[in-house]
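J.: This is the structure, below, for whatever I ask next.
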Ligand code: TNX
């Protein structure tokens, strides 16, 4: 009763009083961050950016990135010099920040970020960016003042793998869209972008030894549009853009199912030697590589060799989901042959959790991506006991193609309706019985695109749920708090507006203005 009365009082206060003036006058507060840092200690005063403020850095790449973020909106020169009021140092960070964390100190005299690696500095820079007014994201000059609230933040990630996935197979999305997606996920300290490069409806990466994969297999998409594919130069451009943001690209070639585009491109890959037509619908589970033909393995080996050559990161993703047109025995035979091929090319295999099938052998470094709906999966538990790590992508929490509610125009509903709070209120460290936190490599939010044809469509589904999942991947469990999160999320909206990101105005979030 008492509690209830207090609740009512607080509620009345919330309605009558304006929300805390977190973004008033363009100022931001030290606490207004997504993902929430490990520790925040605000102090008095603020640092003000001036036209001649210099950036000094032990890593030229991060300095150039930071200058690139700050120059357009401020219109300031912000020269990069050996000494400067903004100082990015690869020394002096406490050991607790680990390989990706940082310590950020802001005083009226300057800003210092200390980290043990360039990735740590980069993460500190993302925090600094969020401490500046949202208008700093503007592509054209805006009025200041450009103030950063004083204090100290010491921060590091909970999980090593913080991922987003983009399905460029169902609808092709051009290089510029992928680059912008990279820019945006970087703001939330996501460090992997998984690209779903092949599926029944399209093959999106040029493979020199099998050219028709892209030219024919990439020539359409869901609904019958023109599709498209990345040339190797395009793909390298994406990888380089990602690397400048300390993001690792994880390329996926989905095998042995989800392969109609490949089967349509080369008749000899089919058991009956007949190429099926290209497919532009949205059904799953009907296609399979011919596991009994030797040429299938030549094909996979060639593709993997060229893919590994384009991939500086440690992982290749080999799909393995919904192989309903492949028998269990054939699936195991196939996977047991092709996963070692990736390993021999120096890569670790990631696969959808179906690769944990009973007769599939563990390959060194194998990672399962869990996309199920249950809180218990015996095959995953067994694979984990055998040494596999898990990326958590439960479809009813992290699938960004699920509708927010029944009124959402885009997306689907097969896994769940996922409002922002649903995407946020779960714990990747305890979600799956038999998968302890120590076996969780990280968290990934996949964006499937059967219903998403344009960049605006992607934005609407990813924002604001992607930052919610990013926070689960980065922030310590102890900071998990919906009441705090929704306020901090609300403070991100002016930033998205400035960046031109069309987001879902969830009724669960107290958006300002
Ligand atoms: C299931 S998740 C799929 C995809 C679909 C997605 C749509 C997974 C590994 N397979 O093929 O695009 O659902 O939500």
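Every number in this text was worked out from the coordinates using simple rules, so none of it is lab data. Since this is a predicted model, take the numbers as computed values, not measurements. Here the Cβ positions follow ideal geometry from the backbone for every residue, glycine too, while neighbour counts run over all protein chains shown.
J.: Can you work out the PRE-style zone for residue 282? Point 7 Å along Cα to Cβ, and I want the residues of region 253-267 with backbone N under 20 Å.
T.: 258-261
J.: Could you give P(r) for region 215-332, binned at 10 Å from zero, as whole percent values over all Cα-Cα pairs?
T.: Spelled out per bin, shortest first, that is 12, 39, 35, 12, 1.
J.: Can you give the extra length, in nm with one decimal, that the chain gains between residue 345 and residue 95 once fully stretched, where that is 0.36 nm per residue apart less the Cα-Cα distance?
T.: 86.6 nm
J.: Specify whether the C-alpha gyration tensor of region 40-118 places it in the rounded, prolate or oblate class, a ≥ b ≥ c being the square roots of the eigenvalues: rounded for a/c under 1.5, otherwise prolate if a/b is larger than b/c and oblate if not. Mind showing how you got there, number by number?
T.: Details: a/c = 2.08, a/b = 1.30, b/c = 1.61.
Oblate shape, in that a/c is at least 1.5 and b/c is the bigger or equal ratio.
J.: OK, next. With a 10 Å radius around each residue's Cβ, average the other Cβ atoms per peptide and rank 393-405, 120-132, highest first.
T.: Taking the mean over residues of other Cβ atoms within 10 Å, the ranking is 120-132, 393-405.
J.: Grab every C-alpha pair in the chain, bin the distances at 10 angstrom width from 0 up to the longest one, and report whole percents.
T.: Bin by bin from 0 Å, the calculated values are 4, 19, 29, 25, 15, 7, 2, 0.
J.: With a ≥ b ≥ c taken as the square roots of the eigenvalues of the C-alpha gyration tensor of region 10-155, please select rounded if a/c is under 1.5 and otherwise prolate if a/b is larger than b/c or oblate if it is not?
T.: On the way: a/c = 2.11, a/b = 1.30, b/c = 1.63.
It is oblate, given that a/c is not under 1.5 and a/b is not larger than b/c.
J.: At q = 0.13, 0.22 Å⁻¹, what base-10 log of I(q)/I(0) does the Debye formula yield for region 395-513 when every alpha carbon is treated as an equal point scatterer in vacuo?
T.: Debye output, listed in q order: -0.51, -1.32.
J.: What number, rounded to the nearest 500 deg cm²/dmol, is the helix-based mean residue ellipticity at 222 nm of the chain, given -39500 (n - 2.57) per DSSP H run of at least four residues and division by all its residues? Display every interim value, and only then the final one.
T.: On the way: 16 runs with 163 residues, N = 513.
Value at 222 nm, helices only, nearest 500: -9500 deg cm²/dmol.
J.: Mind ordering 358-366, 28-36 by average Cβ neighbours within 10 Å, highest first? Please report the intermediate quantities before stating the final value.
T.: Values: 358-366: 15.7, 28-36: 21.6.
So the order, starting with the most tightly packed, is 28-36, 358-366.
J.: Using 0.36 nm per residue of separation minus the Cα-Cα distance, give me the extension gain between residue 337 and residue 274 in nm, one decimal. Spell out each step's value before the answer.
T.: Details: separation 63, 0.36 × 63 = 22.68 nm, distance 2.42 nm.
Result: 20.3 nm gained on full extension.
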